[in-house]
Amino acid sequence: MSWNESATDCCLWDGVTCDELTGHVIGLDLSCGQLYGTFDANSSLFQLPHLQRLNLAYNDFNSSRIPYAFGSFANLTHLNLSNSWFSGAIPSKISLLSKLISLDLSSDVVYLRLELHHFRMFLENLTQVQELVLNGVNISSVLPDSLTNLSSLTHLELEWTGLQGNIPNNIFHLPKLQRLVLGINEDLRGNLPKVNWSSSSSLNVLDLSLTSLSGELPHSFGYLKSLNYLGLNNCRLSRSITKWIGNLTQINYLFLSRNAFIGTIPSAISELQNLNMLSLSYNSLNGTIPSWLLNLPSLYYLNLRGNELTGQINEFPHKSPLEIIYLSGNKLYGPIPQSVSKLSNLSYLDLSSNNLSGVVELKMFSNLKLLKRLYLSNNNISIRSNINISFPSITSFMMSSCKIDEFPSFLRTSMNLDKLDLSNNKIHGTVPEWITGKTSLSYLNLSNNFLTSIERFPLGEKLENLDLHSNLLEGPLPIPPPSTRYFSISQNKLSGEIPSSICNAKVLVILDLSHNNFSSAIPSCLGNFSEFLSILNLKSNAFHGAIPLTFGKYSNLRNLDLNGNQFEGPVPPSLSNCKSLEVLDLGNNKINDSFPYWLGSLPELQVLVLRSNQFHGPIDSSKGKLPFPKLRIVDLSHNNFIGHLPGRYFQNFKAMKNTTMPNEKYMRTAFYHDSVTVTMKGLYIELVSILTVFTTIDLSCNKFSGEIPDAIGELIALHVLNLSHNTLTGHIPSRFGDLENPESLDLSSNQLVGKIPNNKLSGEIPSSICNAKFLYILDLSHNNFSSAIPPCLGNFSEFLSILNLKSNAFHGAIPLTFGKYNNLRNLDLNGNQFEGPVPPSLSNCKSLEVLDLGNNKINDSFPYWLGSLPELQVLVLRSNQFHGPIDSSKGKLPFPKLRIVDLSHNNFIGHLPGRYFQNFKAMKNTTIPNEKYMGTGYYQDSVTVTMKGLDIELVSILTIFTTIDLSCNKFGGEIPDVIGELIALNVLNLSHNTLTSHIPSRLGDLANLESLDLSSNQLVGKIPNQLTSLTFLEVLNLSQNHLDGRIPTGKQFDTFDNSSYAGKSGLCGLPLSKECGNNQPKVPPRVARQQEDDSDFASGFTWKVMVMGYGCGMALGLVMGYLMFLTGRPKFFVRIVESEVREMAKRLKRTRYRRVGRRN
């Protein structure tokens, strides 16, 4: 603002209006006058008592308060103080300006506030006001009913004012209202009025976006004939869009995005011939894009992204005025219409994230001289770049997942390029200088390609986002320019050290160098080089030395991930300066320290991983004040902590006591999702995105002792608890029953005693494990629990999938009640002292895959009704007191998926169940399944089987492994021929029965058989020559029968020794000394060696191989097991295809099992 002060008549100055009769100043317009400084209450402005209009908008009064003296302008009709950087409370005296027609105190930032009682005074006194604009003023109250008394009101704008409660319906019926803006008030609720507006309504702008309006779009909207702008974005409106919308014939701007509208795009919109902008994005609209939509004569902005639209995109009319088209995030398919190339006004085209297909020649866009942004990412298209094309105006070129195999040549001449995304393509080799040398680039994403080198570094000075992760880049770390805010070069082959020059990137927010081959120490400046640094990820490299000792007081570090390196020394205490730290992962290093209790003072810490280091000593939870209030994931496993569990910490884990759903679903920032690896049932599970509701405590594999604190029962939001492999004693706390959300509970390999807590009606134990209604996995195996188990365990949770009570001393009956709606998938009660029958209610467990009742005292006939379980794959009843015949005539198509069945060491009698064999469909199928092991994401099933006299625990069950063990019973009669149909069978054991007659020749059809034991029966006749076709047979035992005739020779039969045929039989020929004719006995060298090996066992030598799929000894077990296998003792029995030698080598790498003893 400049005034010509040489002119003595101020009425001639710019912005000054005077009364023609009196000469009084009645108007002053100083808007956009570049006025600056505080506004003095004694300003000469207040010496103009005749002012009627005052406009001070868009100046900077440096957060001054609005002087009370504004209330002295008795004649003021128009007052505009908008966007002038006033602050504080709006003085009540302004409500005394009773002649005001227009009042505008709006602001783009919330600095002004209007107290509720002053707001009411405004509405009571300003009875003549026509325009009331208070956008950005903090009101934070409900809308007073007196607002509807302002009958002269034409403009009401209360956007972003903190309004609450319901919108009064009467506000929509103010008779002269032309403009109603109440948007960005998320606590403002209600429904749109269904009563009809007058057909002569003057309302032309209605904006209620970003409120909590709900319900449907009423038909009454059809009466707003004058409506020009309708904004209902980000509300909670639902159902279909009313056809009455077609009556809004004057509308230019229609915004209905981010609601829950369903159905198709209404044909009524075709009536809106004046429509300029249409946004229906992020709803649930379906159907196709109607052709008439692309023919609207005035439409230049179309946004339909984020719906469920299908079908092909129709051809565009050649004279379409469309400038901006968003169709991303739908289910559109087919080719991109050629008529796109005729849209001469097109500047922005986004077709990404659909199912579009075909070859796209970039030449089709080359005539669009105004095209600035082209987004085609994440479709099924193949981009072909023509040599002689150019895009002079292009600023954003986003082509992720477009099967591009080279850098498009037109990029050489695209001098205004700001954003470039060529990620997830097939580009090989070097990044050329004409890409990295572009000084205009602010965003560059070349991740997930096959790039090996970069021709030029550093890049342009404007670059802010640089993503090169998941390539084949080698050599030293390229240093990004100082302007970089996001830099990811993870999952490459970079090596060497991190240069200290990385610390010149002072505005860096995210630095991800994980999964490379960097080594040496990291520069000390990394802890303190940028006040903006939020993410520092150096995971899975070979860094060593100490963690930098200095983390500055003003650090904004939110995620520090140093997992999987070789860092040594202590945890630097200066980490306590990182008050914003949410994720700290120091797992899998060589850190030698006591527990860093001072981390408990970090107010935002949610994830703490210290696993697999050399932490030691007790965790003294008495130190610190209210420690770890937000901690949700804590992993201290595989260290040397001793002493009692930190009960006080559990008591203060407030985040694990809160089951309220947070607003954010995942832990993340704008460009980065936090991740962490957790262990559940021996499986490393990488949570690539951490759910904000996920909670886990893993203190396994330490040396904790003493009792489990009751305070854990207060952590009602806890999902996973692993206290296994310690030396904990005492009972399981009954308060575990208060855990509402547990999915996995592992207390195995401790010294716990006593009963499992029960919810007894007598109230003896006030809470119980059976109150954990959402428990998914419960593993209490390998402890010293005794007594009966509570009856509720069979029916307490509809979510329970795994119940493992193996290897304890439980007794009494198995719970009789398994509910109809249970989801039990694995029930393992092996190795206890259960008695009584098998409860028939197990037939309700339609999802049951594994049932292991072995090694108990169960007294029952065969539970034939188990055959009705459609998913049952593993059935173990061994070593009980089952008795009687197996009547396979009962049941309809029984046991269709059974692959492992062990009924050995019982008292079954009668014939073998031929009908069951006939229906074992899974044992007839040699197709390799998709899943390698039986199990869920958190748990892998295990079972113990007997082969060659050894109990072998399969800690992970291969889905192709099959076995039948009916040994040590009293079965009689013949071996059914139908067994020969089970061509996928690996192990068959019918030994120690009273079977008679011949060995069926059809056993020679069992092409995958690796172990056959028919010993100690009463079989007669010859050994069928067809058995020599069993080329994978590793173990054969036909001893203690009444067989006769020549022993077959060739192939596997040349490898079996005398023990396979021992006993008083009529067999003759090698390897026996008994001749069949005049041939002299001769023992093959290989047989001799085998006999020598077996003598080790005869002399009392025994050995074990432990391979743990979980726990603390996996690495040693795998190495020892692998070496034992290489020596050929023992050979494993699982084959997939191809030759024996090659397949055995593969199996050694992928099979996990352990031998747990030798049976007599």
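The values are calculated or read from the model by the stated rules, or taken from the named source; none is laboratory data. Note that this is a predicted model, so its numbers are computed, not measured. Cβ placement follows ideal geometry from the backbone for every residue including glycine, while neighbour counts extend to all protein chains displayed.
Which ones in the stretch 794-834 are of a type in the set (A, V, I, L, M) and in contact with a Cys (Cβ under 7 Å, 6 or more places away or on another chain)?
To start, the set of residues in the stretch 794-834 that are of a type in the set (A, V, I, L, M) comprises 800, 802-803, 805, 809, 813-814, 816, 824, 827, 829.
Result: Leu824, single match.
Among the residues of the stretch 717-752, those that are without any contact (Cβ under 8 Å) to a residue 40 or more places away in the chain and within 25 Å of the chain's Cα centre (by Cα) comprise His719, Leu721, Leu739, Pro742, Leu745. For the residues Ser1015, Ser1059, Ser1039, the requirement of being crowded, with 21+ Cβ neighbours inside 10 Å, under 28 Å from Thr962 (Cβ atoms) and of a type in the set (Ser, Thr, Tyr) singles out Ser1015. Does Gly730 satisfy the condition of being part of a loop (DSSP other than H, G, I, E, B) and at pLDDT 70 or above? Here the answer is yes, as Gly730 does meet what is asked.
When the stretch 1041-1057 is filtered for residues that are in contact (Cβ under 8 Å) with a residue 24 or more places away in the chain and either over 58 Å from the mean Cα position of the chain (by Cα) or within 20 Å of Ile983 (Cα to Cα) (or both), the ones remaining, listed by number, are Asn1041, His1042, Leu1043, Asp1044, Gly1045, Arg1046, Ile1047, Pro1048, Gln1052, Phe1053. Going through the stretch 124-150 one residue at a time, which ones are within 28 Å of Trp85 (Cβ to Cβ) and not in a loop (DSSP other than H, G, I, E, B)? Those that are within 28 Å of Trp85 (Cβ to Cβ) and not in a loop (DSSP other than H, G, I, E, B): Asn125, Glu131, Leu132, Val133, Asn138, Leu147. For the stretch 797-814, the set of residues classified as in contact with a Leu (Cβ under 8 Å, 6 or more places away or on another chain), assigned to a loop (DSSP other than H, G, I, E, B) and either under 17 Å from Asn880 (Cβ atoms) or among the aromatic types (Phe, Trp, Tyr) (or both) consists of Phe799, Leu805, Lys806, Asn808, Ile814, listed by residue number. For Gly884, the criteria (1) under 20 Å from Val945 (Cβ atoms); (2) free of Cβ contacts under 8 Å to residues at least 40 places away in the same chain; (3) assigned to a strand (DSSP E or B) hold in every case but one, which is (1). For the stretch 790-841, the set of residues classified as aliphatic (A, V, I, L, M) and surrounded by 18 or more Cβ atoms within 10 Å (Cβ to Cβ) consists of Leu793, Leu800, Ile802, Leu803, Leu805, Ile814, Leu824, Leu827, Leu829, Val838, listed by residue number.
Per-residue answers, yes or no, for (1) among the acidic types (Asp, Glu); (2) touching an Asp or Glu at 6+ places or on another chain (Cβ under 9 Å); (3) assigned to a loop (DSSP other than H, G, I, E, B):
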| site | (1), (2), (3) |
| --- | --- |
| Ser689 | no, yes, yes |
| Phe694 | no, no, yes |
| Ser705 | no, no, no |
| Leu721 | no, yes, no |
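Select, from Leu877, Leu912, Leu903, Leu872, the only residue that is buried (at least 23 other Cβ atoms within 10 Å of the Cβ), closer than 24 Å to Leu995 by Cα and modelled with pLDDT under 95. Being buried (at least 23 other Cβ atoms within 10 Å of the Cβ), closer than 24 Å to Leu995 by Cα and modelled with pLDDT under 95 holds for just one of Leu877, Leu912, Leu903, Leu872, which is Leu912.
Screening Ser352 on (1) farther than 16 Å from Arg305 by Cβ; (2) under 28 Å from the mean Cα position of the chain (by Cα); (3) in contact (Cβ under 8 Å) with a residue 40 or more places away in the chain shows it passes everything except condition (1). Restricted to the stretch 358-375, and to residues there that are under 12 Å from Pro408 (Cβ atoms) and crowded, with 18+ Cβ neighbours inside 10 Å, the residue that is farthest from the chain's Cα centre (by Cα) is Phe365. Listed by first and then second residue, the pairs with beta-carbon distance under 6 Å, at least 6 apart or on different chains, first residue in the stretch 525-537 and more than 14 Å from Thr550 (Cβ to Cβ) and in contact (Cβ under 8 Å) with a residue 40 or more places away in the chain, second hydrophobic (A, V, I, L, M, F, W, C) and surrounded by fewer than 21 Cβ atoms within 10 Å (Cβ to Cβ), are Phe532/Val507. Screening the stretch 65-123 for strands (runs of 3 or more DSSP E) wholly inside it with 2 or more residues that are touching a Phe, Trp or Tyr at 6+ places or on another chain (Cβ under 7 Å) returns the ranges 86-89. Taken together, Asn563, Asn541, Asn559 contain a single residue that is touching a residue at least 60 places away in the same chain (Cβ under 8 Å), within 21 Å of Gln614 (Cβ to Cβ) and under 27 Å from the mean Cα position of the chain (by Cα), which is Asn563. Residues that are surrounded by fewer than 17 Cβ atoms within 10 Å (Cβ to Cβ) and over 16 Å from Ser220 (Cβ atoms) within the stretch 253-270 comprise Ala260, Ile262, Gly263, Thr264, Ser267, Ser270, listed in sequence order. If you go through the stretch 943-979 and pick out every residue that is on the phi > 0 side of the Ramachandran plot and small (Gly, Ala, Ser), you end up with 2.
The stretch 1024-1097 holds no strands (runs of 3 or more DSSP E) entirely within its bounds that carry 3 or more residues that are farther than 26 Å from Leu985 by Cβ and at pLDDT below 85.
Pairs, please: C-beta under 8 Å, at least 6 apart or cross-chain, first residue within 8 Å of Leu302 (Cα to Cα) and in contact (Cβ under 8 Å) with a residue 40 or more places away in the chain and in the stretch 319-331, second aromatic (Phe, Trp, Tyr) and surrounded by fewer than 21 Cβ atoms within 10 Å (Cβ to Cβ)? Here the result reads Tyr326/Tyr348, each pair linking the stretch 319-331 to a residue that is aromatic (Phe, Trp, Tyr) and surrounded by fewer than 21 Cβ atoms within 10 Å (Cβ to Cβ).
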